[in-house]
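Peer 1: Below is one structure. I have some questions about it.
The values are calculated or read from the model by the stated rules, or taken from the named source; none is laboratory data. As the structure is a prediction and not an experimental result, all values here were calculated from the model. Every residue, glycine among them, receives a Cβ derived from its backbone with ideal geometry; neighbour counts consider all protein chains shown. We work out accessible area using only protein heavy atoms, side chains counted, and drop any ligands, DNA or RNA first. Shrake-Rupley method; radii C 1.70, N 1.55, O 1.52, S 1.80 Å.
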Amino acid sequence: IKRVRKLKHDPISYYLNYGPSRLLTKIPSREIVQGTFIEAYQRACSVKLTAMTQRLRAIIADMDLAGILKVEFGAPLFYAKNVYYSDRGQAMAVTQMYYRSDHYVYTIKRRI
């Protein structure tokens with residue numbers, strides 16, 4: 001499932017969602033537009049996701065991403081990859097996210 005999020009008509013992020021096709025075809029497209037992929041995935045597929053791993057890194061826009069996000073080739077982007085797991089520890093879905101670095105800041109708060 002591919003999605004572009006916009007702010008005042010400007011693309012600011014691009015999402016690619018992967019999962020078993022037998023489950024992804026159950027998700028109504030309107031649910032993905034209105035909410036998050038994971039909420040729609042769990043609801044439509046009757047799957048409970050209980051854990052996630054996330055990897056972040058800085059990348060540069062290739063020709064495809066530059067066109068999608070309306071930035072120059074080589075512009076800095078944030079890249080995040082989330083892997084979602086069932087309560088049995090099975091990987092159920094993957095989301096790849098590309099964010100324009102001129103619109104996003106990554107912030108995390110945690111207890112130590």
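Peer 1: Mind listing just one residue for me: the one in region 79-101 that is among the polar types (S, T, N, Q) and more than 16 Å from Ile1 (Cβ to Cβ) and, of those, most open to solvent (accessible area, probe 1.4 Å)? Break it down stepwise before answering.
Peer 2: If we filter region 79-101 for residues that are among the polar types (S, T, N, Q), which is where we start, we get 82, 86, 90, 95-96, 101.
Now drop any that are not more than 16 Å from Ile1 (Cβ to Cβ), which leaves 86, 90, 101.
Values: Ser86: 14, Gln90: 109, Ser101: 45 Å².
Here the residue is Gln90.
Peer 1: For region 26-37, how many residues meet the condition of being of a type in the set (S, T, N, Q) and loosely packed, with under 11 Cβ neighbours inside 10 Å? Give the derivation first.
Peer 2: First, the residues of region 26-37 that are of a type in the set (S, T, N, Q): 29, 34, 36.
From what's left, loosely packed, with under 11 Cβ neighbours inside 10 Å: 29, 34.
Number of matching residues: 2.
Peer 1: Could you check, for region 44-57, whether at least one of its residues is closer than 25 Å to Asp10 by Cα, surrounded by 12 or more Cβ atoms within 10 Å (Cβ to Cβ) and within 15 Å of the chain's Cα centre (by Cα)? Spell out the reasoning first.
Peer 2: Initial filter on region 44-57 (closer than 25 Å to Asp10 by Cα): 56-57.
Then drop every residue that is not surrounded by 12 or more Cβ atoms within 10 Å (Cβ to Cβ), which leaves 56.
Still in the list and also within 15 Å of the chain's Cα centre (by Cα): 56.
Taking every residue of region 44-57 in turn, at least one turns out to be closer than 25 Å to Asp10 by Cα, surrounded by 12 or more Cβ atoms within 10 Å (Cβ to Cβ) and within 15 Å of the chain's Cα centre (by Cα).
Peer 1: Report the residue count in region 92-112 for those that are aromatic (Phe, Trp, Tyr) and in a strand (DSSP E or B). Before the answer, list the steps.
Peer 2: First, pick out the residues of region 92-112 that are aromatic (Phe, Trp, Tyr): 98-99, 104, 106.
This time we only want the ones that are in a strand (DSSP E or B), so: 98-99.
Final tally of qualifying residues: 2.
Peer 1: Considering each of Ser86, Ser101, Ser21 in turn, give the residue that is touching a Pro at 6+ places or on another chain (Cβ under 8 Å) and either modelled with pLDDT of 95 or more or on the phi < 0 side of the Ramachandran plot (or both). Let's see the steps before the verdict.
Peer 2: Working: Ser86 fails: touching a Pro at 6+ places or on another chain (Cβ under 8 Å); Ser21 fails: touching a Pro at 6+ places or on another chain (Cβ under 8 Å).
It is Ser101.
Peer 1: Right, Arg100: of a type in the set (D, E, K, R) and under 17 Å from the mean Cα position of the chain (by Cα) or not? Step through it out loud before you land on a result.
Peer 2: Details: of a type in the set (D, E, K, R): yes; under 17 Å from the mean Cα position of the chain (by Cα): yes.
Spelling it out, Arg100 is indeed of a type in the set (D, E, K, R) and under 17 Å from the mean Cα position of the chain (by Cα).
Peer 1: Let me ask another. Picking from Ala58, Ala93, Ala40, which residue would you name as being among the hydrophobic types (A, V, I, L, M, F, W, C) and touching an Asp or Glu at 6+ places or on another chain (Cβ under 9 Å)? Give the derivation first.
Peer 2: Numbers: Ala58 fails: touching an Asp or Glu at 6+ places or on another chain (Cβ under 9 Å); Ala93 fails: touching an Asp or Glu at 6+ places or on another chain (Cβ under 9 Å).
Being among the hydrophobic types (A, V, I, L, M, F, W, C) and touching an Asp or Glu at 6+ places or on another chain (Cβ under 9 Å) holds for just one of Ala58, Ala93, Ala40, which is Ala40.
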